[in-house]
Amino acid sequence: MITRRNFLRSTNAIIALPALESLGFRRFASAASATTARPKRAVFLNFGWGVTNETWFPDLKQTGSDYTLPEGLAPLARHKADLTVVQGLANKFANEAHWGSTFWLTGANRYAEPGQSFHNSVSVDQVIAAELGRDTRFTSVQLNSPDVKESGHGPGLSLAWDARGKPLAGLDNPVHAFHRLFSTDTTPLAERQALLAQKRSVLDAVLTDANDLQRGLTKTDADKLDEYFQGIRDIETRLGKDEQWLNIPKSKVALAEPKEGLSGREEVRVVYDLIVAALQTNSTRVVTYRQPVSALLQSLGLKVAAHDMSHYTPGDRMIASQKRDLAQSELLAGLIDKLKASKEPDGTSLFDHTVLAYGSNIRTIHYLDNCPTLLAGGAAGLVRGQHLALPKNTPLCNLWLTILHGLGIPLERHGDSSGLIKELRA
């Protein structure tokens, strides 16, 4: 018989936390702390509609460290020695040219479940979060743009998908993200405790009702009920974590509350600031962000629709696509600047302990091969300062698997992976 005690026991095993800095186990900038391994972080940034094929990708004849940054990546020149551009990656099951993010981190086959037209699997950020997110207030943070529907992202509530392949909700604008991450909850402690207790009570009632349904179910219905129970377990895990952090104030940051209505270029810049602050304060160690494209074009004064831009030919559409690439690269360069400028107690930088993956599931127009991919940061021990040209249609999930191994999570496979990318391993 499944009881609340069984669930809570398994939940406690999942959310048991080690000695946390926020609970009083402080690390000080001393000779002793310098020998302590700094926490690793992972950031995944995705955009829809691809890139300008002719001016974003490096020349395939120039590989290794001796290559010329193409026009679309030129704003990243000051970071060239610390980033790697990878060509040849693809998700073999991808068949939707307007879904730049839905399967980007999963590599799933949408038709893998017989009789269903849509199926997904766990995203790599959530695999990482299950390991790195145990010590932080937020196991992972999913960020979105209000512009997501016009930016070629496809189904999903964020870039993240849980272990059942179900979408995880994201924070839809910088103001919501700021308050969720850093604003103090002024509700009295007793009321917050009572609210959590009420949620526990509701779960108890739901479990009782669900248990009563178990007898005499068909296999199909039993499978559905098992999935339902897993959802309940997930909720209890989140409640357990809320209880762990109930008495611990949120971290203070120097950032001001973002203005309402931020859009396009300014939205991305502010969200990047929030990402750095979240990592600096150890509020989370895993972040994903579905970026705007349509609003970015508007903020650049471009009148071309994002979808039309992706079907560019020489002229206004191609010019818009190239300007989009430049703006995105400039913003990314600014993010890397901030990660490098954020110093750790041992004198290293936040950049040294973060792996950053930037790209899309779409190359350009309706082409789903050679997914644009840029990597930076030192957390996963990847080769930097390189242009790698891999064999055509190398599984994108081989990259995610290589990152997992670099972060100390040695899974045998992820999604449709076929192995590690040896050229990326330092």
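Couple of notes before you dig in:
- Conditions (1) β-branched (Val, Ile, Thr); (2) modelled with pLDDT of 95 or more; (3) outside any helix (DSSP H, G or I): number failed by Ile248: (2)
- Where a residue in segment 59-72 is in contact (Cβ under 8 Å) with a residue 40 or more places away in the chain and its partner, wherever it lies, is surrounded by 13 or more Cβ atoms within 10 Å (Cβ to Cβ) and small (Gly, Ala, Ser), with Cβ under 8 Å and at least six apart: Leu60/Ala389; Thr63/Ala389; Ser65/Gly385; Gly72/Ser329
- Scanning segment 51-66 for residues that are touching a helix residue (DSSP H, G or I) at 6+ places or on another chain (Cβ under 6 Å) and assigned to a loop (DSSP other than H, G, I, E, B) returns Val51, Thr52.
- All positions within segment 27-60 that are under 21 Å from Val276 (Cβ atoms) and at pLDDT 95 or above: Pro39, Lys40, Arg41, Ala42, Val43, Phe44, Leu45, Asn46, Phe47
- Some residue of segment 74-95 being more than 30 Å from Gln386 (Cβ to Cβ) and either modelled with pLDDT of 50 or more or within 26 Å of the chain's Cα centre (by Cα) (or both): yes
- Residue in segment 300-312 that is assigned to a strand (DSSP E or B) and at negative phi present: no
- The combined condition, being at pLDDT below 95, in contact with a Gly (Cβ under 9 Å, 6 or more places away or on another chain), among the small types (Gly, Ala, Ser) and part of a loop (DSSP other than H, G, I, E, B), is not fulfilled by Gly216.
- Pro292 vs. criteria crowded, with 17+ Cβ neighbours inside 10 Å and either part of a loop (DSSP other than H, G, I, E, B) or free of Cβ contacts under 8 Å to residues at least 24 places away in the same chain (or both): yes
- Which numbered condition Gly100 fails, given (1) more than 23 Å from Gly381 (Cα to Cα); (2) within 19 Å of the chain's Cα centre (by Cα); (3) at pLDDT 95 or above; (4) of a type in the set (Gly, Ala, Ser): (3)
- Residue in segment 301-310 that is closer than 24 Å to Ala77 by Cα, in contact (Cβ under 8 Å) with a residue 24 or more places away in the chain and either buried (at least 19 other Cβ atoms within 10 Å of the Cβ) or over 20 Å from the mean Cα position of the chain (by Cα) (or both) present: no
- One residue from Asn393, Asn398 being assigned to a strand (DSSP E or B) and modelled with pLDDT of 95 or more: Asn393
- Of all the listed residues (Ala129, Ala169, Ala94), the sole one being in a loop (DSSP other than H, G, I, E, B) and in contact with a Ser or Thr (Cβ under 8 Å, 6 or more places away or on another chain) is Ala169.
- Residue list for segment 356-380, restricted to those being assigned to a loop (DSSP other than H, G, I, E, B) and surrounded by 18 or more Cβ atoms within 10 Å (Cβ to Cβ): Ser360, Asn361, Ile362, Arg363, Leu368, Asn370, Cys371, Pro372, Gly377, Gly378, Ala379, Ala380
The values are calculated or read from the model by the stated rules, or taken from the named source; none is laboratory data. What you are looking at is a predicted structure, and each value in this text was computed from that prediction instead of being measured. Quick reminder, even Gly has a Cβ in these numbers, built from the backbone with ideal geometry, and neighbours come from all protein chains shown.
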